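What follows is a short report on a single structure.
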Amino acid sequence: MPITNLKIAAAIIMNTSGETLLVRKHGTTAFMQPGGKIDANETPTTALCRELNEELGLTVLPGELVYAGNYRAIAANEPDTEVDAELFWFRFGGVMHIGAEIAEARWVYPDKPAVELAPLTRDAALPLAADYVRHA
């Protein structure tokens, strides 16, 4: 069966304590970066701003996001699917409100998350975050 390619935008959200925010969707077990699918009429930054608002109640402007790179990984919750992810950094210190399909959000230290992780989070986002914390 061919692999489906899913284009997404996701955020490596860091707080001042060096933790990064992970979310888990309803009906799933793996934690991942907040974000989601890029619609046909969206740029990666506008898609991510929309997703952060829907999922966490955050009002983020595209100019507040810092590009971290493009990464690919097997999708955590969709069989025979690979995510093609545009990752962005975002520093956050305010209040969020879980919404949309999010069941749980957790702040974790990137070098010891202690939760089940989606492949993109495990192989790309958390290593980037850990490297950032080491060099901050």
Checklist entry - Using bins 5 angstrom wide from zero, how does P(r) for the chain break down, in % of all Cα pairs? => result 2, 11, 22, 25, 23, 12, 4, 1, 0
Checklist entry - Once both labels are modelled 7 Å past Cα along the beta-carbon direction, what's the I3-T16 spacing in nm? => result 4.2 nm
Next on the checklist: Would you work out the Kirkwood radius for the range 67-136? I mean one over the mean of 1/r across all pairs of different Cα atoms, in Å.
Outcome noted: 13.8 Å
Item to check | For the range 65-94 versus the range 1-55, the gap between their alpha-carbon centres in whole angstrom | outcome: 6 Å
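Report the relative contact order of the range 41-136, percent, no decimals, based on alpha-carbon pairs under 8 angstrom and at least 6 residues apart.
Numbers: 97 pairs, mean separation 24.8, N = 96.
Answer for the range 41-136 is 26 percent.
Per the 1.4 Å probe, what fraction of the accessible area of the chain, in percent, lies on carbon and sulfur atoms? Walk me through the numbers before you get to the answer.
Details: 3740 of 6950 Å².
Accessible surface attributable to carbon and sulfur in the chain totals 54 percent.
Please work out the FRET efficiency for the pair T29 and H97, using the Cβ-Cβ distance as r and a Förster radius of 25 Å; give the result to the nearest 0.05.
Values: r = 23 Å, r/R0 = 0.91.
Step by step, r from the Cβ atoms, then E = 0.65.
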Next on the checklist: Could you tell me which residue out of T4, L48, P34 lies farthest along the dipole of the range 1-78 toward its positive end? Charges go on the beta carbon: Lys and Arg +1, Asp and Glu -1, centred on the Cα centre.
Outcome noted: T4
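Would you mind getting the accessible area per residue of the range 1-105, heavy atoms of the protein chains only, 1.4 Å probe, in Å²? Mind dumping the intermediate values first?
Numbers: 5080 Å² over 105 residues.
With all protein chains present, the range 1-105 gives 48 Å² per residue.
The values are calculated or read from the model by the stated rules, or taken from the named source; none is laboratory data. Since the model is a prediction, treat every value here as computed from it, not as a measurement. Every residue, glycine as well, gets a Cβ built from its backbone with ideal geometry; the counts of neighbours run over all protein chains shown. Keep in mind that these areas ignore ligands, DNA and RNA; they rest on the heavy atoms of the full protein, side chains included. Shrake-Rupley method; radii C 1.70, N 1.55, O 1.52, S 1.80 Å.
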